[in-house]
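**Student:** Below you'll find the structure I mean.
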Amino acid sequence: MQIEKHSFLVTGGASGLGESVVRAIVGQGGKVVIADLNESTGQALVDELGDNVRFVRCDVTSGDEVQAAVELAEKEFGGLQGSINCAGIAVVQKLLDRENNPADLDAFSRGVNINLVGSFNVARLVAASIAKRVANGNNTESANEKNADNGVIINTASIAAFDGQVGQASYSSSKAGVVGLTLPLARELARHGIRVMTIAPGVFATPMMETIPEKAREQLEAGVPYPKRLGNPNEFAKLVTHIIDNAYLNGEVIRLDGAIRMV
Ligand SMILES: NC(=O)c1ccc[n+]([C@@H]2O[C@H](COP(=O)([O-])OP(=O)(O)OC[C@H]3O[C@@H](n4cnc5c(N)ncnc54)[C@H](O)[C@@H]3O)[C@@H](O)[C@H]2O)c1
């Protein structure tokens, strides 16, 4: 699918990996609705990038708010061709603390709710919008022809889905859930010509990572076989734009991690 003239919902698009995706799509002539909780950075991006971008304050766990974001794209850009779900949080807590008290259940659930349930919520509402548009004959790609690439849903997992560290129970299991969504959704949406892909990033230099101490960051960089550095968000965005463009990528999880394996 060509990015030019098509429109995409980017959740978490006000920061980090999502922001980089917004810049890449707009840079290639596409249109974006940013759905994020952070109004000031989201609106600043709209002001900078211009008329091909809209911002809507949106919590990915809310059915009503994601539906409003989808409807904004339908109204402003004539429909959606896909979503890139980058909204996410990192919850860090051990099952037992130093005094052997049990973990806080609400904190665990919050991570699963935003990272996993949010991904499902966005996928279901974006898929419904694309499927209805195609069923109504308003198919911007190639007029309902066989194998038309009608839409693409890209989720963001993490290498923590496979290589979870102590303290990452909520994060790792939520991201493993995102990995688990990929194949069943791709199989189900095949009949609508909608692809579903997941990217599992290693360690990227985004605001999420700025909270970790310098020493820990250096250790992380040393643990990457090659290249020995954190990932640059534009390397994530390059993979996203390639997935959008390459119609044979479907139902797969791609690690983007410089060969790091967390131990
Ligand atoms: N940075 C990394 O090293 C790394 C590695 C693996 C996976 N990831 C994943 O990539 C995604 C993006 O991470 P990032 O590093 O760019 O983080 P980030 O903190 O820079 O950006 C995340 C964005 O998501 C938004 N957000 C959070 N909760 C939301 C909600 N409920 N609804 C809507 N928006 C919400 C935030 O406001 C923020 O703008 C996350 O899912 C993260 O788990 C990041």
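Just so it is clear, none of the values below were taken in a lab; they were calculated from the coordinates. Computed from a predicted model, the values in this text were never measured in an experiment. So basically every Cβ, Gly included, is an ideal-geometry build from the backbone, and we count neighbours across all protein chains shown.
**Student:** Give segment 90-101 a look and list any residue that's surrounded by fewer than 16 Cβ atoms within 10 Å (Cβ to Cβ), aliphatic (A, V, I, L, M) and assigned to a loop (DSSP other than H, G, I, E, B), or say none. Steps first, answer last, please.
**Tutor:** Our first condition is that a residue be surrounded by fewer than 16 Cβ atoms within 10 Å (Cβ to Cβ); within segment 90-101, this holds for 92, 94-101.
Adding the requirement that they be aliphatic (A, V, I, L, M) leaves 92, 95-96.
Within segment 90-101, 92, 95 meet the criteria.
**Student:** Scan segment 232-239 and tell me whether some residue there is more than 14 Å from the ligand (Cβ to nearest atom) and not hydroxyl-bearing (Ser, Thr, Tyr).
**Tutor:** yes
**Student:** Would you mind telling me which numbered condition in (1) more than 15 Å from the ligand (Cβ to nearest atom); (2) surrounded by fewer than 14 Cβ atoms within 10 Å (Cβ to Cβ); (3) under 19 Å from residue 13 (Cβ atoms) residue 210 fails?
**Tutor:** All conditions are met except number (1).
**Student:** Given (1) away from the ligand (no atom under 11 Å from the Cβ); (2) surrounded by fewer than 22 Cβ atoms within 10 Å (Cβ to Cβ), where does residue 8 come up short, assuming only one miss?
**Tutor:** Failing condition for residue 8: (2).
**Student:** Here's another thing I want to ask about it. Within segment 124-144, is there a residue that is over 30 Å from residue 165 (Cα atoms), without any contact (Cβ under 8 Å) to a residue 24 or more places away in the chain and touching a strand residue (DSSP E or B) at 6+ places or on another chain (Cβ under 6 Å)?
**Tutor:** no
**Student:** Kindly provide the set of residues from segment 235-263 that are part of a helix (DSSP H, G or I), crowded, with 16+ Cβ neighbours inside 10 Å and either of a type in the set (S, T, N, Q) or over 16 Å from the mean Cα position of the chain (by Cα) (or both), ordered by number.
**Tutor:** 241, the sole residue that qualifies.
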